[in-house]
Structure formats: C-alpha cells, structure tokens
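The structure under discussion appears below in the form of structure tokens.
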Amino acid sequence: MHLFPRSAFARTVALIAALLLINQIVSYIMIGLYVVKPSMQQISSVVARQVQGVLALDQWIDQVELTAEQQQTLVTSYTEATGIRGVSINDAVQQGLADTTTYNFLSAQLSDLLQANTEVRISQGAVYKVWLRTENLPGYWLVIELDSFDEARFSPLLFYLVLIGALSVFGGMVFTNWQNRPLKALEAAAKQIGQGDYPDQLPERGSSEVIAVTRAFNQMSQGVKQLEQDRALLMAGVSHDLRTPLTRIRLATEMMPPNEDYLAEGIISDIDDMNAIIDQFIDYIRSDTSADNDQQNLNYLVEDVVAHVPDSWHSKIEIIYNEMPDVPVREISIKRVLINLLENAERYGHEKVLVETGYDNQRKMAWFKVCDDGPGIPANQIEHVLQPFTQGDKARSTKGSGLGLAIVKRIVERHHGRVLFGSSQRLGGLCVRVELPLEIKAESAR
C-alpha cells in the first residue's frame, strides 16, 4: 500500500494542499493570538469594571441609610443604565442557568481582574448573556446582556480559511492539469506507437522542458515510422525477388521427366513451404491501423475460415457459435489469426479441434478460442513461443518459420486485444483464447 502519491499531478496537488494546510494552521493560530485573544481580554476588562461597579454600589448601599424603596429605585436605575442585574441562585436556575456554557478562559481572566474566584458562563439566544458568580458577591449570579457581543462574528473566520484553502487547491489542480496535459498526450502517443500506430505530430506546448521532450518525441516518432516503412519495403522487395527464381524452379521441376517424379514432388513441396514462409514474413511486417478496421461479426469470419481449410487435414473441427455484436477489426488480419491457430491445432493436435466464440458483456469483449487435443505448451514456455522465429519444446517442434504465434500476438495487440493461453478442459490440449474489445479507446484510435 502506497500512501505517498506516485504521479507528478498527485504529488503537486498534495504538496500544494500540505503547504496550504500549514499556512491555514499558522494563520488560525496568529489570528487567535493577536485578534481573538485581545478582543476577549477587552471584553473581560469591561465586564470586570461593571462587576466592580456593582460591588461598589452594594458596599455604598450598606454604608448609607436608605429606605427599601430608595434602594430598589437605585438598583433599578443602575441596572437599566449598565445592563447588569443580580439574581438569586434559584431565580438563575429558573431563567436558564442550566443551559449555559462555562468559559474557562473568561473565568480565569475575571478571577485575576477581580482578585477573587469567579465563574463565567454564557448563554446563547436572541441576546447573548454573560452569567457571572464571584466570591465577592455570594448567593447571587450577575447577568450581563451583551447585545453587541456576537460570537458569530468570529465563526466566518474558519469558513474563510477553508474557502481560501479550497480555492487554492482547486486552482493548483487546474494549473497542474494544464501543465501535465502535454505529458498525457505523450503517454497516449507512446502507447499508440507501441501498438503499431503512428500518430500525427504532437503540438509543442507547455513549459520549455516539456516542449523539448515533445520535440524529441516527434523526431523519434518520425524516425521509427520511416524505419518501419523502410523495413516493410525491404521485406516486400526481398519477397518479390525470391518468388521469381522460385517460380522458375517450379516450372523447371514440372518439366522434369516422369521417371524423376519423386524428386520433382520433393522440390515442389519445398517451394510451397518457402512460399508459405514468405507469406508469413509479409503478414508479420504488415502494419494494421485502426483506420483499416471495419465492423465484422466473428462468427462469420470463423465460418468462412473453417469452410476453406484444406481437405487434407486429418483433424475434425467442431464449432460452437454464440451470439455477439460486431467488432471493429481488419478482416484479413483476423482471418490470418484464425488460420495460424487452426494450423497449429492441426499440426500439433491428434484428431479433434474445437473452435468456440462468445461475448463478455460485462467487459465488452468479443472472443474466440481454438483448442486441440495435443500435448499443449508448458506455462514456462509461453513467452518463448510468442517470440519471432521460435517454436515450442521438442515435443512440438516441426517444420515452419516459427512466426505463427508471433503473428497472432502482433495482430491481436494492434487490435488492442490480448491472447490468453491455457489448457482445454474438454480436449486436454492447448487452448488459445483471443479477446477483442467492442470499442477502441479514444486515445488509441487517434
């Protein structure tokens, strides 16, 4: 499990997010220390002065002889002027003391300012109320209505920090995606070249480093394309030049006297093998592109190929058709795949060959498989026999150029499919399954 991002895009976004997170934490701490804390200290100072005024008024009333009516009038006037009033413990409980929240920071601040143990609570509602109880005024709670004190003024701080962080990360993602877009185009073009397609020249855009890489890639792509064309031209020329003397040899052989028919038959057989090998060379170097594809039904292709197998084949071919949609393929190339697989089954099998078609609706893959009742291929030799000019172990080594399965692999990969090797549960021999996608991805088709 990799926790650290692996792609350049993810790493850049993670770096931006980490830097912003650190910046937000530092900003929150700094605002708390230099904005919120001083404001709370000022509020504590104001509340402490009001409490001291109440204490001074209470002490003055005790020292001056006033009637109860005068004391009540004085207290009422002071309460209306300052917005602070005293209630007994029982009245405080009835007025919602249980719904208040204790603020330890304010309690500590006021305890220091009043030089007495003080508890501060705050109740939220239409009007914020500060509930204060101090040792200097036992038996009473002081209630201060702070209609100008609104905690919601501080709540947008977190919202703004989160919003700024989210916008910054989003902007970083957009910028990073813009930076990485040429690299994604390079990746898609490299995959196309690996599958035998040659895309158009990529536009040179992005940073100077990316432009340099794109320019070098375009030059490499043109070089590889030219090399492939030269190789195909060379092979076609060699094949053409070889067929001419082979044709003359065949004509000369057919004119040999009847008493040398056994020798002529051997020469003609060798000439046919050489022509077949030349055909395989041409099939291997043929360049199939997505532009050559047509919508075809694999069932019809299988039926056409099996109907034209040579009468001299000894194996009995059984076919199982299943319904499937049309697939974008090059008909000649897929027929070559079927012919090569059937030739292998005929060459290395004993008596039976099974051909089956099908469609995987979940994976959107059409498939066909060719199975025989021969000795099969060991799993450790699969990669070996897929290489050009190689054959299996001695149990399966016979005549041939060793290009049959290599051609199958090359054609299927150029159709963006895959070749799977296994054992046939029914016949016991080799079973080769070819899967072809119903749709070719956009980046592969460009």
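The values are calculated or read from the model by the stated rules, or taken from the named source; none is laboratory data. Just so it is clear, the model here is predicted, and its values are computed rather than measured. Cβ placement follows ideal geometry from the backbone for every residue including glycine, while neighbour counts extend to all protein chains displayed. Calculation scope for accessible area: heavy atoms of the full protein, side chains included, ligands and nucleic acids excluded. Shrake-Rupley method; radii C 1.70, N 1.55, O 1.52, S 1.80 Å.
Would you check if there is a residue in region 205-222 being modelled with pLDDT of 75 or more and not in a helix (DSSP H, G or I)? Yes, the conditions are met somewhere in region 205-222. In region 403-427, the residues that are on the phi > 0 side of the Ramachandran plot reach residues that are open to solvent by 50 Å² or more (accessible area, probe 1.4 Å) and among the basic types (Lys, Arg) with C-beta atoms within less than 9 angstrom, at least six apart or across chains, in these pairs: 416/441. Total residues in region 83-96 satisfying the condition of being of a type in the set (S, T, N, Q) and part of a strand (DSSP E or B): the figure is 1. Pick from region 372-406 the residues that are assigned to a helix (DSSP H, G or I) and modelled with pLDDT under 65: which of them is least open to solvent (accessible area, probe 1.4 Å)? Selected residue: 396. Looking only at region 98-117, residues that are in contact with a Ser or Thr (Cβ under 8 Å, 6 or more places away or on another chain) and under 22 Å from residue 55 (Cα atoms) come to 9 in all. Residues of region 59-77 that are surrounded by 15 or more Cβ atoms within 10 Å (Cβ to Cβ) and either among the charged types (D, E, K, R) or in contact with a strand residue (DSSP E or B) (Cβ under 9 Å, 6 or more places away or on another chain) (or both): 75 alone.
Please tell me if residue 147 is at pLDDT below 80 and in a loop (DSSP other than H, G, I, E, B). It is true that residue 147 is at pLDDT below 80 and in a loop (DSSP other than H, G, I, E, B). Please specify each residue of region 187-204 satisfying the condition of being charged (D, E, K, R), in a helix (DSSP H, G or I) and over 21 Å from residue 411 (Cβ atoms). Result: 187, single match. Every listed requirement among (1) open to solvent by 70 Å² or more (accessible area, probe 1.4 Å); (2) in contact (Cβ under 8 Å) with a residue 12 or more places away in the chain is met by residue 102 save one, (1). Summed over region 295-350, the residues that are at pLDDT 90 or above, part of a strand (DSSP E or B) and of a type in the set (A, V, I, L, M) give a count of 4. Taking the residues in region 420-430 that are touching an Asp or Glu at 6+ places or on another chain (Cβ under 8 Å) and not in a loop (DSSP other than H, G, I, E, B) as candidates, determine which candidate is surrounded by the most Cβ atoms within 10 Å (Cβ to Cβ). Here the residue is 430.
Determine if region 335-349 includes at least one residue that is of a type in the set (D, E, K, R) and more than 19 Å from residue 406 (Cα to Cα). Spell out how you get there, then give the answer.
Narrowing region 335-349 to residues of a type in the set (D, E, K, R): 335-336, 343, 346-347.
Then keep just the ones that are more than 19 Å from residue 406 (Cα to Cα); that gives none.
No, every residue in region 335-349 fails to be of a type in the set (D, E, K, R) and more than 19 Å from residue 406 (Cα to Cα).
With respect to being aliphatic (A, V, I, L, M), assigned to a helix (DSSP H, G or I), touching a Pro at 6+ places or on another chain (Cβ under 9 Å) and at pLDDT 70 or above, residue 56 falls outside the description. Screening residue 445 with (1) under 29 Å from the mean Cα position of the chain (by Cα); (2) more than 17 Å from residue 348 (Cβ to Cβ); (3) open to solvent by 30 Å² or more (accessible area, probe 1.4 Å); (4) modelled with pLDDT of 80 or more gives one miss only, at (4).
Take the conditions at pLDDT 75 or above, open to solvent by 50 Å² or more (accessible area, probe 1.4 Å), assigned to a helix (DSSP H, G or I) and over 30 Å from residue 58 (Cβ atoms) and apply them to residue 183. Does it pass? Against the criterion (at pLDDT 75 or above, open to solvent by 50 Å² or more (accessible area, probe 1.4 Å), assigned to a helix (DSSP H, G or I) and over 30 Å from residue 58 (Cβ atoms)), residue 183 qualifies.
Residue 233 satisfies every condition listed in (1) hydrophobic (A, V, I, L, M, F, W, C); (2) open to solvent by 80 Å² or more (accessible area, probe 1.4 Å); (3) under 22 Å from residue 415 (Cα atoms) except (3).
Tell me whether region 97-117 contains one or more residues that are part of a helix (DSSP H, G or I), over 30 Å from residue 33 (Cβ atoms) and in contact with a strand residue (DSSP E or B) (Cβ under 9 Å, 6 or more places away or on another chain). Among the residues of region 97-117, at least one is part of a helix (DSSP H, G or I), over 30 Å from residue 33 (Cβ atoms) and in contact with a strand residue (DSSP E or B) (Cβ under 9 Å, 6 or more places away or on another chain), which makes the answer yes.
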